[in-house]
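Each remark here refers to the structure printed beneath this line.
Derivation of every value follows stated rules applied to the coordinates shown; laboratory data play no part. The structure displayed is predicted, hence computed values, not measured ones. FYI the Cβ positions are ideal-geometry reconstructions off the backbone, even for glycines, and counts take in every protein chain you see.
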């Protein structure tokens, strides 16, 4: 990874206070946070609400955006940071807002922060899912209806609306090698779609428990689009015994070898791809949170 060059003072936005990080479209309502499930909050002090109701012009909706700032952000005023865009933001930081437990992304990054001279420190932008619109927003073809999904519009929102806003407010490293996108399950489908269709924006992809059998199959999409660039990296993780609903046990890991072969056919080098089938992995936030660190180390290493 190239060394980070100090930015001239005139080019460095001041470090936002927590109040400024919370300032968004709804104002005072942000201080109260978002609706939470029963139980106490588990998010750490570096986590705030970046926008409570950010308009999505591509879809005519709004979305809550969560933000994690690394521990050094407030003091290292000359420093810029990679950004990880993560889907299903409700589940990343706080058990009280999660569907079925949290990834513990903030705890993991806080633990990694002092290691290797701060190499793993990152800004995380968590994009809440759209509830009843989640499946449509995360898939190019809605698997529930067979009709066209809204993945292209969602990727356009991430790339053309959200990323410029984040880069304008925060001290980010804006290039594709420092712009990661991650998601799990249907969120992994969207993460791959974002990286494959907008490789000049999202240069590194972390896909956890991707339903690779759904159309359009990512194996076919990557060969057709050939999005590999010099900076590209793709990490795919699934549990060898994952099981959800009526799906057969192990289905999420079944197509990993075919996906790896497709990436090779699309020109990805071995050093750009990390594919793991974890024997005891489950379809859960706990498993994805456990694998967040090795995926980050590969993508940002």
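Once you have the Kirkwood Rh of segment 97-163 from its Cα pairs, apply Stokes-Einstein at 37 °C and 0.692 mPa s and quote D in µm²/s. Answer, rounded: 227 µm²/s. Pairwise Cα separations in segment 28-300 fall into 10 Å bins from 0 onward with the following percentages, short to long: 7, 32, 39, 20, 3, 0.
With a simple spin-label model that places each label point 7 Å from the Cα along the Cα-to-Cβ direction, the separation between residue 279 and residue 141 comes to 3.6 nm.
Counted over segment 44-203 with a bin width of 10 Å, the fraction of Cα pairs per bin, in whole percents, is 11, 41, 36, 11, 1, 0. Full extension of the chain segment joining residue 61 with residue 200 gains 47.5 nm, where the gain is 0.36 nm per residue of separation less the Cα-Cα distance.
Of all DSSP bridge pairs formed entirely within segment 28-300, close to 30 percent run antiparallel. Once you place label points 7 Å from the Cα toward the Cβ at residue 133 and residue 248, how far apart are they in nm? Simple spin-label model gives 3.6 nm for this pair. Label-to-label distance for residue 74 and residue 108 is 2.5 nm, based on points extended 7 Å past Cα in the beta-carbon direction.
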